[in-house]
Amino acid sequence: MSGPDVETRPSTIAGQGLFARRDFAAGERLAPYRGPTFSAPPEHPQTGDVFALEVSAGLWLDGSGADNPARWANHSCEPNAALIWHGAAEGAWLTSLTPLRAGDEITFDYGFSLAESLFHRCACRTPACVGRIIAEPLRPALRRHLRFSRPRD
Ligand SMILES: [Zn+2]
């Protein structure tokens, strides 16, 4: 994707990433996050790539379609954006949590459960990284879990 605001290119976190092409203030909409919505979590694809995210309580969005370049945005344990649901008419948008500079990689919290986190390593390399992709409120529980057992890879 190449647009005036964001672009996709290889990321040091994982695969492709989504990057700002201009400066943004905190609280700006960065890119729409498009896809069909479901009232139950979709099955995980066998590839291990997971794009279905819970965008509001009890509502999942499958952003894996080619018409959703924002699907390349990576997870980070210190995200600079959030996925915000604006209702059926407007859909979901990645929105900046902090000011962004042109060239910054756009990251957000995938909000994974503890079970999902065991299959998804995080390589965001931020000081807060817990090594697994997991929702921020669950990270203390994961840290306790990792203290007593080695997670599966
Ligand atoms: Zn991390």
Can you pull the three principal axis extents for the Cα set of the chain, in Å, largest first?
-> 47, 34, 26
Report the full-extension gain for the segment LEU114 to GLU90: residue separation times 0.36 nm, less the Cα-Cα distance, to one decimal in nm.
-> 5.6 nm
Report the extension gain between THR98 and ALA128 in nm, rounded to one decimal, defined as 0.36 nm multiplied by the number of residues separating them, less their alpha carbon distance.
-> 9.2 nm
How large is the helix-only mean residue ellipticity at 222 nm for the chain, computed as the sum of -39500 (n - 2.57) over DSSP H runs with n ≥ 4, divided by its residue count, in deg cm²/dmol to the nearest 500?
-> -2500 deg cm²/dmol
Taking a crude spin-label model, label points 7 Å out from Cα along the C-beta direction, the ARG144 to ALA26 distance in nm is 3.1
Whose amide H sits under 5 Å from the amide H of LEU30, counting only residues 5 or more places off or on another chain, with H placed in the peptide plane?
-> LEU94, THR95, SER96
Output the peptides 99-105, 13-19, 29-35 sorted from most to least packed, where packing is the average of other Cβ atoms within 10 Å over each peptide's residues.
-> 29-35, 13-19, 99-105
Points 7 angstrom from Cα along the Cβ direction at ARG121 and ARG9: gap in nanometres?
-> 2.6
Only loop residues by DSSP count here, and only those with at most 16 other Cβ atoms within 10 Å; note down the chymotrypsin sites (Phe, Trp or Tyr not before Pro) in region 83-121 that meet that.
-> PHE119
Inter-site label distance for ALA66 and GLU78 at 7 Å from Cα along Cβ, in nm = 3.8
Return a whole-number percent for the relative contact order of the chain, with Cα pairs under 8 Å and 6 or more residues apart as the contact set.
-> 24
Please give the helix 139-148 orientation as an angle from the longest Cα principal axis of the chain, in degrees from 0 to 90, rounded to the nearest 10.
-> 30
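Since every read-out is calculated from the coordinates, none of them should be taken as a lab result. Everything quoted here is computed from the prediction, not taken from an experiment. Using ideal geometry, Cβ is built from the backbone for each residue, glycine included, and neighbour counts are taken over all protein chains shown.
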